[in-house]
1. How would you rank 221-228, 269-276, highest first, on the average number of other Cβ atoms within 10 Å across their residues?
2. With contacts defined as alpha carbon pairs under 8 Å and 6 or more residues apart, what's the relative contact order of segment 186-257 in percent?
3. Starting from the amide H of VAL450, placed 1.01 Å from N in the peptide plane, find each other amide H under 5 Å away whose residue is 5 or more places distant or on another chain.
4. With θ set to phi - 60°, apply the Karplus curve 6.51 cos²θ - 1.76 cosθ + 1.60 along segment 220-237 and write out the HN-Hα couplings as whole Hz, x wherever there is a Gly or Pro.
5. Taking 30 Å as the cut-off for C-alpha to C-alpha distance, list the pairs among LYS218/LYS256; LYS453/LYS481; LYS60/LYS288 that go past it.
6. Let me know the shape class of segment 210-336, please: from the alpha-carbon gyration tensor, a ≥ b ≥ c as square roots of the eigenvalues, rounded when a/c is under 1.5, otherwise prolate if a/b is greater than b/c, or oblate.
7. Can you tell me, using C-alpha contacts under 8 Å and at least 6 residues apart, the relative contact order of segment 16-81 as a whole percent?
8. Would you kindly state how much longer the chain becomes between LEU248 and TYR303 on full extension, computed as 0.36 nm times their sequence separation minus their alpha carbon distance, in nm to one decimal?
Amino acid sequence: MPMPEKLTSAVKDYSPHSDLKVIKEAFVFANAAHEGQTRASGEPYINHCVETAVTLAKLKLPQDMIVAGLMHDVPEDTEVTLEEIEEKFGANVADMVRGITKLGKIKYRGMERYVENLRKMFVSMASDIRVILIKFADRLHNLSTLDALKPEKRKRVALESLEIYAPIANRLGMGDIQGKLEDLSFRYVYPKEYEWLKSLVKDRYRAKERYLQNIAEKLKAEIEAHEIPILDIHGRTKRLYSLYKKLLKYDKNLDKIYDLVALRIIVPSVADCYATLGIIHQLWKPMKGRIKDYIAQPKPNGYQSLHTTVYCDDHEMVEIQIRTRQMHDEAEYGIAAHWNYVEEGKESNEIVRAQVNWVKDLVEWQKKHAMRGKDFMEHVEEMKLDVFHARIFVFTPDGDVIDLPEDSTPVDFAYAIHSEIGDRCAAARINNAQAALDAKLYSGDMCEIVTDKNRKSPNPDWLKFVKTHHAKDRIRLATKKKRNGWLPNVFK
Ligand code: MN
């Protein structure tokens, strides 16, 4: 099977710095690994890997990420190992695939627990945003093929996308990905509400879109008469789930939603944005309190644009959004777009260097943009980021995640599961290999504890290496008891 044309053209069109030869090699490698495997829908498994890679190419992400996207299910679902991937495609690609594989280890054992486990895992991955971006691309394709799954699993995948993936996309400023995740999930999580809303807006959307087309023509001529080049002008319909959330705030009254369909204008510079706003207000009267300058005062997640709602021809109310190309790309693709603007205008050898550092860049950017708003503070509260920074997440053989401080050992892990398991802990296995009780655990490790039923108390020497308070307390307590037990009877 040759590499599908859609991936070739996505790489050529959207990710021009990528080396098609390497991506072809990756395709051949992944295709051979998944040979004979099919998706629940019956199609060849490799289609899923290609779709994931296409999404990453369209986000103009670096070549290594497209390769990792093709490879993301290989270690988990085939005989090929991470070591082989590393040998063939380098440590960078292998690191990303390793991250994705760790996320996949979480098993489903009740929704509440699962969401909690997943959330912890995501926070621990936040240092490598590349893994999260690949996971988004993977999830988008999974959501678009949900019909092939059993209803229960369908709902679970959709709910998790709505509750975890979409808010993270929002935090990273990726409006387009967030919207897609939400709309693909909406119908499975709230089927009744989805049908209700869809039928409610169907005719309105259609009528409004037709109306906007005429308005756009007229406005375009007017703006160009003032010698402002229009890069793009298009109507955008509000995404269904975002509309649903807004409706809940406005007594489910559609007449109170002014931006059901909005007109979006992209112009070259900030000065052009303000000039365009002036032209619009000369043409149509603006509605009071609806002129918003998010260029001078960006939204907490970094969003920039000018918004106005005007009484258009026939007194129809229309929201118009004006922005530059960069503002537009950042609003839609967030962190991914930022990478592209960093890259632009650099010498090719510098691009390579920038690629090495890009995660650092993105993390910094994310901090700068996301820290400003209340929205992010809510997330910090919710996820307790400060605590998580110095913490690791270790799997039990059942797929539960145990949350421990950095440098924890199998003994800490044993005590975190249950005090008695800690007391009777005799040996440990990390990732299916024999390990010392004082071995250092890392995020994503799977740890297994072997207990000795005959053992009544812990070894006091463990105090030399355990990290958790809980383990220390238990060991001290048991040691004290034991010492008392050694005392001659007369002293008792
Ligand atoms: Mn996948």
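Every number here is computed from the coordinates shown, using simple stated rules; none is lab data. All figures in this text were calculated on a predicted structure; none of them were measured in a lab. Here the Cβ positions follow ideal geometry from the backbone for every residue, glycine too, while neighbour counts run over all protein chains shown.
1. On the way: 221-228: 13.1, 269-276: 17.5.
In descending order of packing, they fall as 269-276, 221-228.
2. Numbers: 24 pairs, mean separation 18.2, N = 72.
That works out to 25 percent.
3. Residues meeting the criterion, in which the H sits 1.01 Å from N, are ALA426, ALA427, ALA428, ARG429.
4. My calculation for segment 220-237 gives 4, 4, 5, 5, 5, 5, 8, 6, 9, x, 8, 7, 6, 9, 8, x, 10, 8 Hz in order.
5. LYS60/LYS288
6. Details: a/c = 1.70, a/b = 1.15, b/c = 1.48.
Cα axes put segment 210-336 in the oblate bin.
7. Values: 58 pairs, mean separation 25.7, N = 66.
With pairs under 8 Å counted, the relative contact order is 39 percent.
8. Values: separation 55, 0.36 × 55 = 19.80 nm, distance 2.32 nm.
The LEU248-TYR303 span can extend by a further 17.5 nm.
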